[in-house]
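The values are calculated or read from the model by the stated rules, or taken from the named source; none is laboratory data. It should be emphasised that the depicted structure is a prediction, and the values quoted were computed from it without experimental measurement. Ideal geometry is used to build each Cβ from the backbone, glycine not excepted, and the neighbour counts take in all protein chains shown.
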Amino acid sequence: MAGPVHQRDPEDAVLFAPVLGTTRRFWLGATPLLAMTLWGMYAYTLQLRYGLGVTGLNRPVAWGIYIINFVFFIGISHAGTLISAILRLCKAEWRRPITRAAEAITVLVLFFGLGSIIMDLGRPDRLFYVLQYGRLQSPLLWDVTSITTYLTGSALYLYLPLIPDLALVRDRATGWRRTLYTFLALGWRGTPGQHRRLERGIAVMAVMVIPIAVSVHTVVSWVFSMTLQPMWKSTIFGPYFVTGAIFSGIAALIISMAAVRRAYHLENYLKPVHFNSLSLLLLVMSLLWFYFTFAEHLTAYYGGELGEAMVLFAKVTGRWAPAFWAMAVLNFVIPVAILANGRTRTVAGSVVASASVVVGMWLERYLIVVPTLANPRLPYERGFYAPSWVEVSITAGAVSFFVLLYMVFTKLFPIISIWEVREGREGLVTAQERMVGYLPGPVAPVTPVTPAGRR
Amino acid sequence: MERAWRAIPLSVAAFALAFIGWMIRMLQLAWVRNDSWGFTVTVASVVIPVFLVYLWLALYVLWGIAREGRAPGGEGRP
């Protein structure tokens, strides 16, 4: 199995190349991200030293950018495991090159979701009180439980399909890389027994992870909807949050796929058809998001309850109107205009629509958290919230650190599941037979196909 | 290195057991204090089976793969 990659395995050499070597471009991209991360860490040390007084949090707006980021990051995490599991269970063949990129987003971004909660605590050491004296009557503790369950499941679901690829890289690597991959590959040799166990594990996790992912964002929504706050107490908050999460998750996945495609020259693997399929999903989610947003705001308007009306009008025509209408344009008008048209539903078009959705969904989280707290139902004074430079720096640092970690992941592990792509190529006849099985009536005999465009 | 492979399934199993232990501790606290018993039982009855599946995954899938990796012979052995 030894020997230079390009001689032995020209077909997938481009997939091994980023793992087995590092270019100057990588360091050029990583350096500003590292600098921004260090700046964010400096800002956090200030917050630790001087307390939450350095933030823009106040009475009555006690939740700000950290909680917004928490909901946003947990939403983005729905990109991976959920989409990957659904596509795996449906045996969607086009999933093969995209599942790894999606699953990696989930695991990495979940750490930032949890990190946002820690940042929101003036005394992070008090997190241990949750473990020592937790009361499961609190939706906040439901969150701790469900996110830990999701993070563990997602990490396992990322690791299992990685094992055969780790063995492939192990057989090509030298030095410390070989030691690392030998350890992580668990002695994978591709025996029938190992395959049987792996496939059983992946199948069980694919089924299990779907309800877990749905429950996580439902529980996140319950943190809000279990209160009596205006425009939070809503029975549709669970599905509304899950829809928003999948929506923003698909957008993040499209952006990351386009980035790795360009950076590592993966045009032959991440083809326009993959972007087209995900773009259509994004389009459907955009329409679904609009439906939920419309229903949520219409019921608040028609009910006319004083507390709800105050929050609603503050959003639609008041102080937060620019953010509200920007959200509507970014989440609905732009993506629908681009993605509903086949001519603009290109790779570039889907990236523009996705970037619009990511920003729009962050605004949506902002508009859920802040206007309600600023217009309390109880007879307190109305408030306002603007994040301080410390909060903005910490957020910028967190986003940079996430992108940096994702880049490091693509350097350490193949970002496209090599063994699954090969399995797909070898199983073309099986896939064709499966398609014949779906069709009614007599079907012409299956003719063996050869992988088109195979180089 | 073959001994080191065990570290991964064992860490996953240890984490799953620790979380199950924490849920049992929550149940015990709720019982002793007579406080939010219903919520605790509901959450525990969902979470404990999930972590038992993770435990199965560590012991059957990961440990099994590592054990077969240690078996002598076979192509592509590291």
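Before moving on, here are some points about what is shown:
- Candidate set from the range A:197-237 (those that are more than 9 Å from chain B (Cβ to nearest Cβ) and free of Cβ contacts under 8 Å to residues at least 12 places away in the same chain); member that is surrounded by the most Cβ atoms within 10 Å (Cβ to Cβ): A:K233
- Considering A:R172, A:R177, A:R189, the condition of being at the interface with chain B (Cβ under 9 Å from one of its Cβ atoms), on the phi < 0 side of the Ramachandran plot and among the basic types (K, R) is satisfied by A:R189 alone.
- When restricted to residues that are part of a helix (DSSP H, G or I) and either surrounded by fewer than 13 Cβ atoms within 10 Å (Cβ to Cβ) or at pLDDT 95 or above (or both), the range B:30-40 contains 4.
- Of the residues A:I83, A:I74, A:I65, the single one that is among the aliphatic types (A, V, I, L, M), touching a residue at least 60 places away in the same chain (Cβ under 8 Å), closer than 18 Å to A:F275 by Cα and crowded, with 23+ Cβ neighbours inside 10 Å is A:I83.
- Restricting A:L114, A:L136, A:L131, A:L151 to residues that are crowded, with 17+ Cβ neighbours inside 10 Å and over 25 Å from the mean Cα position of the chain (by Cα) narrows the list to A:L136.
- Scanning the range B:10-53 for residues that are more than 8 Å from chain A (Cβ to nearest Cβ) and more than 26 Å from A:S138 (Cβ to Cβ) turns up B:L10, B:S11, B:A13, B:A14.
- Among the residues listed as A:E423, A:E391, the single one being part of a helix (DSSP H, G or I), of a type outside the set (A, V, I, L, M, F, W, C) and surrounded by 15 or more Cβ atoms within 10 Å (Cβ to Cβ): A:E391
- Of all residues making up the range A:245-277, the number that are part of a helix (DSSP H, G or I) and under 26 Å from A:V19 (Cα atoms): 19
- Yes/no for B:A66 being in a helix (DSSP H, G or I), at pLDDT 90 or above and more than 7 Å from chain A (Cβ to nearest Cβ): no
Rundown of residues vs (1) without any contact (Cβ under 8 Å) to a residue 40 or more places away in the chain; (2) within 14 Å of another protein chain (Cβ to nearest Cβ); (3) over 24 Å from A:S256 (Cβ atoms), yes/no style:
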site: A:L110; (1), (2), (3): no, no, no
site: A:G115; (1), (2), (3): no, no, no
site: A:I118; (1), (2), (3): yes, no, yes
site: A:L140; (1), (2), (3): no, yes, yes
site: A:Y150; (1), (2), (3): no, yes, no
site: A:G153; (1), (2), (3): no, yes, no
site: A:L156; (1), (2), (3): no, yes, no
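- Close pairs from the range A:24-37: first in contact (Cβ under 8 Å) with a residue 12 or more places away in the chain, partner of a type in the set (K, R), Cβ under 9 Å, at least 6 apart: A:F26/A:K411
- Meets criteria (buried (at least 23 other Cβ atoms within 10 Å of the Cβ) and under 24 Å from A:L412 (Cα atoms)) for A:A252: yes
- Test for A:L283: is it touching a Leu at 6+ places or on another chain (Cβ under 8 Å), in a helix (DSSP H, G or I) and buried (at least 16 other Cβ atoms within 10 Å of the Cβ): yes
Residues are listed down the side, and each one gets a yes or a no for (1) modelled with pLDDT of 95 or more; (2) among the aliphatic types (A, V, I, L, M):
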| site | (1), (2) |
| --- | --- |
| A:V333 | yes, yes |
| A:L339 | yes, yes |
| A:R345 | yes, no |
| A:G349 | yes, no |
| A:S356 | yes, no |
| A:I368 | yes, yes |
| A:Y380 | no, no |
| A:S388 | yes, no |
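- Residue within the range A:21-36 that is in a helix (DSSP H, G or I), closer than 25 Å to A:A104 by Cα, at pLDDT below 95 and touching a Lys or Arg at 6+ places or on another chain (Cβ under 8 Å) present: yes
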